[in-house]
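Asks: One structure coming up, written as structure tokens, with questions to follow.
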Amino acid sequence: MVSESAEFKGGGAEGESPENFGRRVRSAVIWRSGSQILAQIITWGSTLMVIRLLDPADYGLFAMTQVVLAFLAFLNGWGFASALVQSDSVTPFRIRQAFGLLLLLNALLAAIQFFGAPVAAAYYGQPMVADLLRVQALMFLATPFIALPEVMMSRALDFRRMAFVNLAAALVGAGTALGCALAGYGVWTLVYAPIALFWTRAIGLTIAARLLVWPSFDFRGCGQIIGFGSAVLFSQFFWLIQSQSDIFIAGARFEPHALGLYAEALFLAQIFMAKFVPPLNEVAFPAYARIKHDMAAVRWNFLKTVRLLTLVAAPFYCGLAVVAAPMIETLFGVKWLGMAPYIQLISLALMLMTVQILFAPVTNALGKPSISMFVAMGGAIVFPAAFLIGAQWGLIGMAWAWLVAAPLLLIVTARLSAPLLGVSLWDVARAMLPGLAPALLMAIAVGFAGQALAALGWAPPIRLLLLVGLGVALYGALLWLLEREAIAEVLRLILRRQPPVEEPAA
């Protein structure tokens, strides 16, 4: 995410004014994040209906296939295509080379999954897993026709047409899922729906980008694409280790019911970071790449991004931590109440993780994907180690491990990025303070109010509504008293107003 148009520092393409470039960035943020929200609403609505029609066993079989897909998907070459966004200029031949590389990689992955499916089925002792995996290999064949148009449209900050395609694909996927479930397709519903979504995106993005080219398998001179993509690839691999290590470790130590509570708590706590921050980073990457020769502008916009995002993320995570119990009891029922302690701890850690993942787009855009790779490597060491130690105290110990590992990884990220960005951990902390300080004060007050309402025996739905209302009112009042400039900054973002005095970039 980058700052709003009227305040955006640094121009884009040669001859383009900072004001015009800033307006395009702001439009890109609105289209990308807005379409993501709508697509998620469509997907979640369909999912809730499909869950009622399918059996848990269907989701069990599908989950077995997802493990295989996850470990193959990070090799799909998306990072090689992303190198085109970071490049100063892109020739038609480079585009054809990237397309050829994507076709080769994904054809190889599809073949590995197709012919290796019986091995996975034998491991699980479920012959049907082989059939499911063979059909799901079709998604790899669609990837080149998604990745190349998407990165070229991202390079041009053309997220408007991309948004329409993504929404159409979400509707097709949701319709396919609901239709197959009603027709009694069972587990195949969960296979056909994402395939329909993938191929709708592939066809739609190719048409929208007007990018149907012949691939080139002459890879001479594409060292920049392979070097950049390889660093991104290793980053994704280490991120996979970091993000999956807690379930992997806990799965061998704890019984399924307790693990299920932890896993669902993790899923709920990560919704903001996993669903709404990545679309903003997708806009940030090409935007930073366009101003990468103006380091003062890059630094200014990065810190502004941290400040604005924290104004939203901090009250969300702090509020989630203090209303976890009544929220779970209201939405999911008493049997899920054991999630509350995990959500409370993980939510606080994710405030820092949300800031930490903002570094990758800017360091990648500046042509240093190795920094993201080393950060991911650090996460792949710090998080599993913390989880192994925390597991000695049960799943609550693993939740506490998040609170230890998250700040450590943020410190490592800031230290590795500082020489390139000129941004210290103290600079990041100061940028977070306008949102973080009022959010923490709000959480303390709402926490005491929640205990009082619980002692009075009020019903969970009423407590939830009162606590959310109190939290919103308190946070707004505290911002007005303590951080009035932050409110003015948000209003300028919404209303596109110029700041009263333009501060010179350092």
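The values are calculated or read from the model by the stated rules, or taken from the named source; none is laboratory data. For clarity, every value in this text was computed on a predicted model and none was experimentally measured. Positions of Cβ are backbone-derived with ideal geometry, glycine not excepted, and every protein chain shown enters the neighbour counts.
Asks: With more than 18 Å from GLN356 (Cα to Cα) and of a type in the set (A, V, I, L, M) as the only criterion, which of ALA418, ALA391, ALA405 stands out?
Replies: Just one listed residue meets the conditions, ALA391.
Asks: While we're on this one: If I filter region 381-399 down to residues being surrounded by fewer than 19 Cβ atoms within 10 Å (Cβ to Cβ) and touching a Phe, Trp or Tyr at 6+ places or on another chain (Cβ under 8 Å), which single residue comes out as nearest to ALA265 (Cα to Cα)?
Replies: Only one residue fits best here, namely ILE396.
Asks: Looking only at region 336-358, count how many residues are under 13 Å from PHE302 (Cα atoms) and touching a residue at least 60 places away in the same chain (Cβ under 8 Å).
Replies: Count: 3.
Asks: With the requirement that a residue be of a type in the set (Gly, Ala, Ser), surrounded by fewer than 16 Cβ atoms within 10 Å (Cβ to Cβ) and in a helix (DSSP H, G or I), what does region 448-471 give you?
Replies: Residues satisfying the conditions are ALA452, ALA454, ALA455, GLY469.
Asks: VAL412: at pLDDT 90 or above, within 23 Å of the chain's Cα centre (by Cα), surrounded by fewer than 20 Cβ atoms within 10 Å (Cβ to Cβ) and of a type outside the set (Gly, Ala, Ser), yes or no?
Replies: yes
Asks: Scan ALA314, ALA325, ALA349, ALA321 and give me the residue that is over 15 Å from ALA265 (Cβ atoms) and either in contact with a Gly (Cβ under 6 Å, 6 or more places away or on another chain) or buried (at least 19 other Cβ atoms within 10 Å of the Cβ) (or both).
Replies: ALA314 is the lone residue from the list that is over 15 Å from ALA265 (Cβ atoms) and either in contact with a Gly (Cβ under 6 Å, 6 or more places away or on another chain) or buried (at least 19 other Cβ atoms within 10 Å of the Cβ) (or both).
Asks: Within region 364-384, does at least one residue satisfy the condition of being under 11 Å from ASP246 (Cα atoms) and in contact with an Asp or Glu (Cβ under 9 Å, 6 or more places away or on another chain)?
Replies: Looking through region 364-384, at least one residue is under 11 Å from ASP246 (Cα atoms) and in contact with an Asp or Glu (Cβ under 9 Å, 6 or more places away or on another chain).
Asks: Continuing with this model, one more query. Out of everything in region 180-235 that is at pLDDT 80 or above, part of a helix (DSSP H, G or I) and aromatic (Phe, Trp, Tyr), what residue ends up being surrounded by the most Cβ atoms within 10 Å (Cβ to Cβ)?
Replies: Across region 180-235, the extreme among qualifying residues is PHE198.
Asks: Looking at the structure I just gave you, is SER46 under 30 Å from GLY184 (Cβ atoms), outside any loop (DSSP other than H, G, I, E, B) and at pLDDT 70 or above?
Replies: Spelling it out, SER46 is indeed under 30 Å from GLY184 (Cβ atoms), outside any loop (DSSP other than H, G, I, E, B) and at pLDDT 70 or above.
Asks: From MET373, MET273, which residue is assigned to a helix (DSSP H, G or I), under 30 Å from LEU467 (Cβ atoms) and not aromatic (Phe, Trp, Tyr)?
Replies: Result: MET273 is the single residue among MET373, MET273 that is assigned to a helix (DSSP H, G or I), under 30 Å from LEU467 (Cβ atoms) and not aromatic (Phe, Trp, Tyr).
Asks: Looking at PHE285, PHE267, which is the one that is free of Cβ contacts under 8 Å to residues at least 12 places away in the same chain, part of a helix (DSSP H, G or I), at negative phi and not hydroxyl-bearing (Ser, Thr, Tyr)?
Replies: PHE267
Asks: Let me ask something additional. Limited to region 406-462, what total is found for residues that are in contact with a Phe, Trp or Tyr (Cβ under 8 Å, 6 or more places away or on another chain) and under 15 Å from ALA314 (Cα atoms)?
Replies: Counting residues in region 406-462 that are in contact with a Phe, Trp or Tyr (Cβ under 8 Å, 6 or more places away or on another chain) and under 15 Å from ALA314 (Cα atoms) gives 3.
Let's see how each residue does on (1) at pLDDT below 90; (2) over 23 Å from TRP239 (Cα atoms); (3) in a helix (DSSP H, G or I):
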{"residue": "PRO341", "(1), (2), (3)": "no, yes, yes"}
{"residue": "LEU350", "(1), (2), (3)": "no, no, yes"}
{"residue": "ASN364", "(1), (2), (3)": "yes, no, yes"}
{"residue": "MET377", "(1), (2), (3)": "yes, no, yes"}
{"residue": "LEU388", "(1), (2), (3)": "no, no, yes"}
{"residue": "GLN392", "(1), (2), (3)": "no, yes, yes"}
{"residue": "TRP400", "(1), (2), (3)": "no, no, yes"}
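Asks: Of all residues in region 415-428, how many are at positive phi and either within 20 Å of the chain's Cα centre (by Cα) or in a helix (DSSP H, G or I) (or both)?
Replies: Matching residues across region 415-428 total 0.
Asks: What's the number of the condition PHE332 fails, among (1) within 29 Å of LEU474 (Cβ to Cβ); (2) among the aromatic types (Phe, Trp, Tyr); (3) crowded, with 21+ Cβ neighbours inside 10 Å?
Replies: Of the numbered conditions (1) within 29 Å of LEU474 (Cβ to Cβ); (2) among the aromatic types (Phe, Trp, Tyr); (3) crowded, with 21+ Cβ neighbours inside 10 Å, the odd one out for PHE332 is (3).
Asks: How many residues are basic (Lys, Arg) and within 14 Å of THR363 (Cα to Cα) when one looks only at region 277-310?
Replies: Residues meeting the conditions: 3.
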